[in-house]
1. Quick check: at a probe of 1.4 Å, how many percent of the accessible area of the chain sits on carbon and sulfur atoms?
2. If you average 1/r across every pair of different Cα atoms in the chain and take the reciprocal, what Kirkwood value do you get, in Å?
3. If you build a Gaussian network model of the chain, linking Cα atoms that sit under 10 Å apart, which residue out of SER273, SER94, SER57 swings the most?
4. How would the range 93-165 be classified by its alpha-carbon gyration tensor: rounded, prolate or oblate, with rounded meaning a/c under 1.5 and the a/b versus b/c comparison settling the rest?
5. Once amide H atoms are built 1.01 Å from N in the peptide plane, which residues 5 or more positions from VAL36, or in another chain, come under 5 Å H to H?
6. Compute the distance in nm between two label points, each set 7 Å from the Cα along the Cα-to-Cβ direction, one at ASN168 and one at TRP89.
7. In Å³ and rounded to a whole number, note down the convex hull volume per residue for the Cα atoms of the range 101-216.
8. Starting with the highest mean, order 58-71, 131-144 by the number of other Cβ atoms within 10 Å, averaged over the residues of each peptide.
Amino acid sequence: MTRAQTARPASALYLGVDAGNSKTAALVSTASGEVVGAGRSGCGDIYGATTPEAAVSEALVAVRAALAQAGADIRAVRSAAFRLAGVDWPEDQSYWDMALTRHYPAALTSRSILNDGYAAIRCGDPRGIGISVTGGTSGAIAARGPDGELWDMGWWGQYPMGATGLANEAFRAIFLSELGLRPPTALTEALLAHFGKPTVAALNHWLTRRQGRAPGRERNSCARVVAAVAAAGDPAAVEIVRAQGHHLAQYAGVAARRTGLAQAGGPVSVVLSGSVLMAEGSPVADTLFAELPAHVPGAVLHRGSLPPVAGALLDALAEGGVTLADPVVADAVLEKVTGSLPPREFLAT
């Protein structure tokens, strides 16, 4: 729990869930946007968890925790928005739909299920129009156009993204350098020190051995080191972070074109989120900022105004009948949501 509840909330509640690889977060609010319950759990990605069932279990842990803090039953939820990593194909959406029906056969009848990339869009424009660019454990890009057209990157992403991408490209640079196939790089010394390994061979063994292999979260923990080495000017590290920022900008442009945002003219809300893009002085974000206007003319950047799970909650409110298209209503709801969110550390990766 993030704070004690002193009064039972109104009967009509709204539920937003943002599930990723590093964590799953759930928020419950009243129609005014006041957050009355929050829950957190582990990996909610059906591709990234040990089993799809494990991902569902983690998401429901977060939901139950949020409802328990609110002092409410699942039947009090009028509208729910599930924004879930790993909802990349129609069958993924169907899997979650069947799982939620199985667990809550008489509840959550008004719900939407989309990729987690969509979660942050309303954090920039409460109407839910715009682009979300996430650089977290992996990369996620999603967009909703002025006519409601949707597009998300999903498995169309053909380049290493997020912390996983930074780590994997850094390992590639180190290993090729060790073999004499690339120039020496400061990444070698930095990553050996970070992981506490004496040699490149020992690092390679730890990352790839059949038993006792490095877990994904620990592998990816070097992403900040890669960014720091890039900031210090190492050519290999600079190339890695610039390439990621470039590709994120390219895919944001695809999202704009596929949803009619590029053709509509005028400003386009672009919301950034995720640990890689939100890190202070992020070189990936710097490249993205520099290149985005060429791919998304009229881009208006929003960075870190609200956590993505708050965007999922705003989706639930809008889909449940709260008129966020009305600027007066939207401002009032945003003020309530912002003022009642759990502490920042509760939602940190």
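1. Details: 8320 of 15450 Å².
Here it works out to 54 percent.
2. Details: mean 1/r = 0.0481 Å⁻¹.
One decimal place: 20.8 Å for the Kirkwood radius.
3. Maximum fluctuation in the GNM of the chain, among the listed residues, is at SER94.
4. Details: a/c = 2.33, a/b = 1.39, b/c = 1.68.
Taking the square roots of the gyration eigenvalues as a ≥ b ≥ c, the range 93-165 is oblate.
5. Under 5 Å from the amide H of VAL36 lie the amide H atoms of VAL28, SER29, THR30, each far enough along the sequence or on another chain.
6. That separation, rounded to one decimal, is 1.8 nm.
7. On the way: hull volume 22.0 nm³, N = 116.
Per residue, the Cα convex hull of the range 101-216 comes to 190 Å³.
8. On the way: 58-71: 21.4, 131-144: 28.4.
With the highest mean Cβ count within 10 Å placed first, the list reads 131-144, 58-71.
The values are calculated or read from the model by the stated rules, or taken from the named source; none is laboratory data. If you're wondering where the values come from, they're calculated on a predicted model, not measured in any experiment. Please note: Cβ atoms are built from the backbone with ideal geometry, for glycine as well, and neighbour counts cover all protein chains shown. Remember, those area values only see protein heavy atoms, side chains included, never the ligands or the DNA or RNA. Shrake-Rupley method; radii C 1.70, N 1.55, O 1.52, S 1.80 Å.
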